[in-house]
Amino acid sequence: MSQQGSRRIVQRGLWFEEFEVGAIYEHRPGRTITEADNVLFTTLTMNTQALHLDAAWSETQKPFEQRLVNSMFTLSTLVGLSVAQLTQGTIVANLGFSDISFPKPVFHGDTLYAETLILDKRASNSRPGEGVITFEHTGRNQHGDDIAKAVRKTLVRMAPHG
């Protein structure tokens, strides 16, 4: 088949107008968290917390008796899982995060699945052609347990005209 004249479709996130308040996006595939992920992220960010790095010491600590995945890695992965579907190439900037919680810990070998609820959208008052979207990201492990939640406000481009 000739490529000339073929329609090209570029993967991207959604324009401001395409977001629907109340819609829930399920992001797949999930991401299985490895020991290497946790140790690399923890050391790159200078977080020397023994609960993330010291297996022998962590085994002596109740109630989990094992290393925990760095919660900042969990948050970053939760948001990252949404990018291809929601904001790839359409985001201008993150404006802020709020209501961040980690109801259950993440362990090496757990798989993180994410979904995003669109809480709100409004056209920007100060930036023509852009709007503010409020996301509620929820992360669940392979057992369906809530492991992370965060509200994020982003500045997103409106669809180009023409």
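The values are calculated or read from the model by the stated rules, or taken from the named source; none is laboratory data. This is a predicted model, so every value here is computed, not measured. Heads up, the Cβs are rebuilt from the backbone with ideal geometry, glycines too, and the neighbour counts pull from every protein chain shown. The accessibility values were calculated without ligands, DNA or RNA, using every heavy atom of the protein model including side chains. Shrake-Rupley method; radii C 1.70, N 1.55, O 1.52, S 1.80 Å.
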What number of residues within segment 58-79 satisfy the criterion of being part of a helix (DSSP H, G or I) and either within 23 Å of F16 (Cα to Cα) or touching a residue at least 24 places away in the same chain (Cβ under 8 Å) (or both)?
9
With respect to L40, is the statement that it is hydrophobic (A, V, I, L, M, F, W, C) and open to solvent by less than 30 Å² (accessible area, probe 1.4 Å) true?
no
Suppose we keep only residues that are touching a strand residue (DSSP E or B) at 6+ places or on another chain (Cβ under 8 Å) and open to solvent by 70 Å² or more (accessible area, probe 1.4 Å) within segment 121-130. Which one would you say is modelled with the highest pLDDT?
R122
Any residue at all in segment 47-57 that is part of a helix (DSSP H, G or I) and crowded, with 17+ Cβ neighbours inside 10 Å?
yes
Would you please name the residue that is farthest from L112 (Cα to Cα), looking only at residues in segment 1-26 that are touching a Gly at 6+ places or on another chain (Cβ under 9 Å) and either of a type in the set (D, E) or outside any loop (DSSP other than H, G, I, E, B) (or both)?
E17
Scanning segment 80-112 residue by residue, the ones that are within 23 Å of T154 (Cβ to Cβ), open to solvent by less than 20 Å² (accessible area, probe 1.4 Å) and in contact (Cβ under 8 Å) with a residue 60 or more places away in the chain total 4
Collect the residues in segment 1-41 that are farther than 30 Å from H161 by Cα, in contact (Cβ under 8 Å) with a residue 60 or more places away in the chain and of a type in the set (D, E, K, R), keeping them in residue-number order.
R28, R31, E35
Using beta carbons and a limit of 6 Å, which pairs, at least six apart or on different chains, have the first residue in segment 151-162 and modelled with pLDDT of 95 or more and the second one acidic (D, E)?
V151/D99; V151/E136; L155/E130; R157/E130; A159/E17
